[in-house]
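A short write-up of the structure that comes next.
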Amino acid sequence: MTDAKPVLHLDDIVKTFPGVRALDGVSFSVMPGEVHALMGENGAGKSTLMKVLGGIYQPDGGAIYMGDHKVVMAGPLEAKAKGIVFIHQELSLAEELTVAENIYLGELPRKSFGRVDWATLAERTNAILKKLNVGFDAKTRVGDLSIANQQMVEIARALTVDAKAVIFDEPTASLTDAEKSVLFDVIADLKSEGVGIIYISHRMEEIFKITDRISILRDGQYQGTVATADTDEEAVTQMMIGRTLDLSRNASHHELGDVALEVRGLSCGKLYQDVSFEVRRGEVVGFYGLVGAGRTEIAETLFGLRDPSAGKILLDGEEVRIHSPADAIARGISLVPEDRKGQGLVLGMNCRDNMTLPQVDDLKAGPFVAEGAEIAIFDQYRDRLDIRTPGWKQQVGNLSGGNQQKIVIGKWLSMHPNVLIVDEPTRGIDVGSKSEIHKLLRELAAQGYAVMVISSEMPEVLHVSDRIVAMYSGRIMRTFTSEEVSEDNLIQAISGIKSNEAA
Amino acid sequence: MQPGALSKALKNGAIWGFIVLELIFFSVAGEYLSLSDKAFMDYDNMLLLLKQSAPIGIIAMGMTIVMVNGNIDLSVGATYAIAAIILLDSMTWPIFAGLGDWVIPVACLLALAVGTLLGALNGLIVWKTGVDAFIVTLGSMLGFRGIVFMFNGENPTSHLNWTLVDIAEAEFLGLATASWFLLAVTLVIWFVMTKTVHGRNAYAIGDNREAAVNAGIRVGPHMMINFAIIGFLAALSAVVFYSESGSVNPNDGQLYELWVITAVVLGGTKITGGAGSVMGTFGGVIAIQLLRKGLGHIGADTSTVNLVIGLILIAVLFLERQLNVKGKEELKV
C-alpha cells in the first residue's frame with residue numbers, strides 16, 4: 001500500500017469564515033483500499049472539510065489532488081463526477097419520492113427526450129438493495145421507511161457510481177447491529193475494490209474495528225495521522241481534545257428527595273409503548289438510546305406537545321393530564337429542547353429577552369414590560385450559571401454554543417420548575433463548555449431539581465446520571481443504576497439485546 | 001388494509017369524489033331551483049363546461065409544476081393580459097400588413113414568446129437573487145399589470161380576425177378548440193412531470209432542496225424552466241381565449257392567479273412543494289368550473305359563488321390536514 005498513489009490527497013487546506021479560521025492547514029491522504037477515519041470534536045472542522053471536498057465551499061488556500069492531478073471542486077456535481085460520493089449523516093432524502101429515485105437522485109438514467117428510464121432504474125436499484133439485504137424494494141416511498149431504513153437508502157448511494165472515494169459521515173448513528181454489520185460488509189467490499197474510504201464517527205469501537213488509519217482535527221487544525229493498529233482510544237482522545245478526558249463516573253451522590261415525576265405505562269401510538277419510570281428530586285436520570293428510540297418523544301409528551309395514547313403521568317404523586325406546554329410550565333415542568341437554535345432561542349433577540357421570554361406576560365409595569373425586573377432576572381441567572389456575555393444587550397446568535405445553552409437553561413430555571421428535562425444538552429458544544437454544562441446539571445440536581453437528561457453520547461450519560469434508562473425502538477429495555485452500568489451492557493440494551501449474549 | 005391506506009385513498013381520490021358529489025347535488029337541486037328546463041348534466045352543457053375550464057385549466061397545469069417545484073407564480077394573470085394585448089394588437093401592426101392571414105401564426109408566436117420570456121424573467125430573478133418566489137412574482141404581478149395599463153390606458157384593445165375566430169370556434173370530434181388545447185396541455189405536462197428527468201428533479205427540489213443540491217441537481221435552471229413553462233402556458237391560455245373574443249380589457253386576467261392556485265390546491269398539490277399531480281389539478285379545475293356553473297344553474301349570483309368556493313377551499317385544506325395527521329401521537333404545533 002505504501003508505494004500506491006493516494007486516491008485523494010488534501011494539501012494544506014485553509015478555509016476562513018468571518019472571524020473564524022475553520023480549517024487551518026489540513027493535509028492528509030487516502031490510499032486506495034484504505035478505510036481512513038476522520039475524528040475530532042464537534043466544531044473541530046470535519047464537516048467544513050467535507051464541504052470543501054464536496055465542492056460546497058471553496059478553500060481559501062491549499063489544494064486537493066486526486067491521483068496525480070490537482071482538482072478544483074466547483075460543485076457537488078463535479079465532485080460526484082470525479083468519483084467522490086458522500087453519505088450524509090443528516091438524511092438527505094426526498095420523502096415523497098421512491099427509494100430508486102432517491103438513490104439515483106441527480107443522475108436518473110435517461111432515455112430519449114429526457115425521459116426517465118424506469119426499467120433500468122428499478123433493475124439497478126433492486127440489485128443494490130439485494131446486496132444490502134434490506135426488506136424494501138425500489139418502488140417504496142422513502143417517507144414510509146423507518147429512520148434506520150432511510151439511512152440504508154442513503155448508504156445505497158455509495159454503490160451507484162464507480163466511486164473512487166466514499167465519505168461516510170456518522171453512518172451508524174441510527175442503525176441497529178444487524179444493519180451495522182451489513183454496512184461494514186459494504187465497506188469491506190468497497191475496500192477490496194480499491195476504493196478509498198473516509199469514515200467519520202464518534203464511536204471508538206467502530207473506528208478501531210474497521211479503520212486502517214486515523215486522522216485527527218482539533219479546532220480546525222490538523223493534529224496528525226496514526227495507524228489504527230499502533231494506537232489506542234486514550235491516545236486518540238488526547239489528540240482530539242488536547243488533554244485526557246474525564247471519563248470518571250459521577251461519584252457524588254447526594255440525598256434523594258421524594259419522587260417528583262412518575263410515569264406509568266405511558267404509550268404514544270407507534271412512537272413508544274408502555275414506558276414506566278420515576279425521577280426523584282435531587283436525581284439525574286439519563287435516557288440513552290439510538291436516534292428514533294422514542295426518548296425525545298417522551299420528553300415532548302411530558303411537556304404537553306403530544307397526547308399519550310395510554311398510561312399515566314404523576315407529579316408529586318398526583319395524576320395529571322398535560323395538554324399544552326403552558327400547562328406543563330404551570331405544573332413545574334421545563335424542557336430544554338434538542339435543537340437549541342431552532343426550538344430553544346430566538347437568535348435575533350438579546351440575552352435578556354430570551355431569558356424572560358416565557359414569563360414576559362407576568363413582568364408588567366402597568367401596560368408596559370417591566371424592563372427593570374427583566375434585567376434583574378437576567379443578572380441573577382447570569383451570575384448563577386456563569387454566562388459569559390458582554391451584557392444583556394448582546395444578541396444570542398453571537399454567543400458560543402455553551403453560553404447559548406446556559407441561556408436556555410437559565411430561561412427555564414427562572415420559571416422555578418420542579419422537573420427539568422434536557423434533551424441533548426451538549427450537542428455542538430465545545431469540550432470545555434461541555435464539562436461545565438455537566439457540572440451545572442449535577443449542581444441543579446443537588447439543589448433539589450429532578451433532572452432528566454436525554455443524550456446520544458455515552459460518556460455524557462455515564463458521567464452525569466444517577467440512573468440510566470436504556471431505550472430501544474420505543475421500549476425501555478432496562479434501567480441501570482450507576483453502579484451496575486457498563487459500556488457493554490448499555491450498548492447491548494440499546495441495540496435490543498436482552499440477555500448477555502455478545503453481539 | 002395497511003394503516004394509512006384509507007386516508008391515502010381518500011386523499012388521492014378526493015377530488016373526483018367531490019366532483020361526483022357536485023354533479024349529484026346540482027342535478028337534484030337543479031330540478032327544483034333552476035329556471036331552465038334543461039338538465040344540469042346535459043351533454044352539451046358538460047362540453048361547454050370543459051371549454052370554459054380551458055383558460056384557468058391551461059395555466060393551472062403550469063402552476064402545478066411550479067408549485068411542486070416549491071415555488072409559486074402570482075403574475076400569471078398579468079402575463080395573460082400582456083399576451084392577449086400582444087396577440088390582438090400585433091395583428092394590426094403595419095410591418096405585418098403584407099402577410100394577410102399569415103399574420104395569425106406570427107401574432108400567436110409573438111404572444112407565446114413574450115409570455116415565455118416574462119416567465120423566464122421571473123425564474124431568473126428567483127434563481128439569481130434567491131428571493132422567495134412569492135415576493136418576486138408579487139412584484140412582477142404589479143409590474144406586468146402596470147405595463148398593460150401603460151399600453152392603452154383604461155381602454156380595451158380590440159381586433160377581430162375572422163379567420164382566427166373561425167379556428168377558435170371550430171369543433172373537432174365534438175370538442176371545441178379550447179378544450180383540445182386544455183387536454184393536450186394536460187397530457188404534455190403530465191408526461192413532463194411523471195416521465196422526464198426534469199419533472200422528477202422538480203419533485204425532488206420541492207421535497208428536499210438541500211438533498212437535491214447535495215445530489216448535484218442544478219436547482220436554479222430547473223426552477224427557471226418551470227417559470228418559463230408557466231409563462232408560456234399563461235400566454236397560450238390568452239391566445240386560446242382571445243382568438244374568439246377579440247377584445248381585451250386592461251383588467252382582464254385579474255385574480256386568475258388565485259383561481260389557478262385554488263384549483264391546484266384543491267387538486268391535492270402541497271403548497272410547500274414536493275407532492276402533487278397533474279391529474280389532481282385537472283380534477284380541481286373541473287371541480288371549480290362545475291361549482292361556478294352549477295351555482296349559476298340554480299340561480300346564485302357571482303358573489304355567492306365566490307363565497308362558496310372560498311369556504312370549500314378552506315374546508316378542503318382542513319380536511320387534508322386532518323387526513324395527513326398520522327394519528328393522535330402527532331406533535332402539536
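The values are calculated or read from the model by the stated rules, or taken from the named source; none is laboratory data. Model, not experiment: these values are computed from the prediction. Cβ: placed from backbone, ideal geometry, glycine included. Neighbour counts: every protein chain shown. We work out accessible area using only protein heavy atoms, side chains counted, and drop any ligands, DNA or RNA first. Shrake-Rupley method; radii C 1.70, N 1.55, O 1.52, S 1.80 Å.
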> Counting Lys and Arg as +1 and Asp and Glu as -1, what is the net charge of the other residues whose Cβ lies under 11 Å from the Cβ of A:A156?
Replying inline: +3
>> Checking the cross-link filter: which lysines have an alpha carbon closer than 17 Å to that of A:K5, excluding same-chain neighbours under 8 positions apart?
In response: A:K70, A:K82, A:K164, A:K191
>> Calculate log10 I(q)/I(0) of the stretch A:166-228 for q = 0.13, 0.23, 0.29 Å⁻¹, where I(q) comes from the Debye formula with a single equal point scatterer on each Cα and nothing for solvent.
In response: -0.37, -1.08, -1.46
>> Debye calculation, C-alpha points only, no solvent: report log10 I(q)/I(0) for the protein assembly as shown at q = 0.06, 0.07 Å⁻¹, in the same order as the q values.
In response: -0.51, -0.69
> Along the principal axes of its C-alpha atoms, what lengths does the stretch B:65-140 span, in descending order and rounded to whole Å?
Replying inline: 46, 19, 18
> Cross-link partners among lysines for A:K139, C-alpha distance below 23 Å, same-chain residues fewer than 8 apart left out?
Replying inline: A:K111, A:K130, A:K131, B:K8, B:K11, B:K195, B:K270, B:K326
>> Using a 1.4 Å probe and counting only protein heavy atoms, how much accessible surface gets buried when B and A come together, both sides summed, in Å² to the nearest 100?
In response: 2500
>> Please compute the modelled spin-label separation between B:W16 and B:L319, points set 7 Å along Cα→Cβ, answer in nm with one decimal.
In response: 1.6
>> Using a Förster radius of 51 Å, what is the FRET efficiency between A:R264 and A:A127 based on their Cβ-Cβ separation? Nearest 0.05, please.
In response: 0.55
> Given the pairs A:K209/A:K341; A:K46/A:K80; A:K341/A:K406; A:K180/A:K439; A:K270/A:K341, which span a C-alpha to C-alpha distance of over 24 angstrom in this model?
Replying inline: A:K209/A:K341; A:K180/A:K439; A:K270/A:K341
> Which distance in nm do the two modelled labels at B:L187 and A:D137 give, with both placed 7 Å along the Cα-to-Cβ direction?
Replying inline: 3.1
> How big is the C-alpha Rg of the stretch B:133-207 next to the rule-of-thumb value 2.2 N^0.38 Å, as a ratio?
Replying inline: 1.66
> Expressed as cubic angstrom per residue, what is the convex hull volume of the alpha carbon set of the stretch A:8-241?
Replying inline: 132
> Which FRET efficiency, nearest 0.05, do A:A4 and A:E233 yield, Cβ-Cβ r, R0 30 Å?
Replying inline: 0.55
> Just the C-alpha atoms of the stretch B:53-323: what Rg/Rh do they give, with Rh taken as the Kirkwood radius?
Replying inline: 0.98
>> How much of the DSSP bridge set in the protein assembly as shown is antiparallel, in percent, rounded to the nearest 5?
In response: 60
> Out of every Cα-Cα pair in the stretch B:152-262, what percent are more than 17 Å apart?
Replying inline: 67
> What percent does the relative contact order of the stretch A:8-241 come to when contacts are Cα pairs within less than 8 Å and at least six residues apart?
Replying inline: 30
>> Kirkwood hydrodynamic radius, the stretch B:51-103, all distinct C-alpha pairs: what's the number in Å?
In response: 13.3
> How big is the equivalent ellipsoid of the stretch A:26-139 along its three axes, where each semi-axis is √(5λ) from the Cα gyration tensor, reported in whole Å from largest to smallest?
Replying inline: 31, 18, 14
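In the calculated pair distance distribution of the stretch A:259-494, what percentage of Cα-Cα distances lie above 23 Å?
On the way: 13186 of 27730 pairs.
Roughly 48 percent, rounded to a whole number.
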> At q = 0.17, 0.21 Å⁻¹, what log₁₀ I(q)/I(0) does a Debye calculation on the Cα points of the stretch B:1-156 give, no solvent, two decimals?
Replying inline: -1.06, -1.23
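Can you work out the accessible area per residue across the stretch A:8-241, with the rest of the protein chains kept in place, probe 1.4 Å, in square angstrom?
41
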> Which FRET efficiency value, to the nearest 0.05, do you get for A:A74 and B:K195 by plugging their Cβ-Cβ distance into 1/(1 + (r/R0)^6) with R0 = 35 Å?
Replying inline: 0.70
> Can you give me the relative contact order of chain A as a percent, contacts being Cα pairs under 8 Å and 6 or more apart?
Replying inline: 15
>> Quick check of the Kirkwood formula: for the stretch B:99-183, what is the inverse mean of 1/r over all pairs of different Cα atoms, in Å?
In response: 15.9
> So what's the back-of-envelope 222 nm ellipticity for chain B, counting only DSSP H runs of four-plus at -39500 (n - 2.57) apiece and dividing by all residues, rounded to 500?
Replying inline: -24500 deg cm²/dmol
>> Rolling a 1.4 Å sphere over the protein heavy atoms, what is the accessible area per residue of chain B, to the nearest Å²?
In response: 47
> Okay, helix-only estimate at 222 nm for chain A: each DSSP H run of n ≥ 4 adds -39500 (n - 2.57), divide by all residues, round to 500 deg cm²/dmol; what do you get?
Replying inline: -9000 deg cm²/dmol
> From Cα coordinates alone, what are the radius of gyration and Dmax values for the stretch B:199-333 in angstrom?
Replying inline: 18.4, 58
> Once you mark the trypsin sites (Lys or Arg not before Pro) that are in a DSSP loop and have at most 15 other Cβ atoms within 10 Å, what is the longest gap between them in chain B?
Replying inline: B:39-325
> How far is it, in nm, from the label point at A:D117 to the one at A:E255 when both lie 7 Å from their Cα along the line to the Cβ?
Replying inline: 7.7
>> With just the Cα atoms defining each centre, how far is the stretch A:197-216 from the stretch A:378-405? Give it in Å.
In response: 36
> Once the piece of chain linking A:A310 and A:E278 is laid out straight, how much longer is it, given 0.36 nm per residue of separation minus the C-alpha distance between them?
Replying inline: 9.8 nm
> If you build a Gaussian network model of chain B, linking Cα atoms that sit under 10 Å apart, which residue out of B:V20, B:V192, B:V278 swings the most?
Replying inline: B:V20
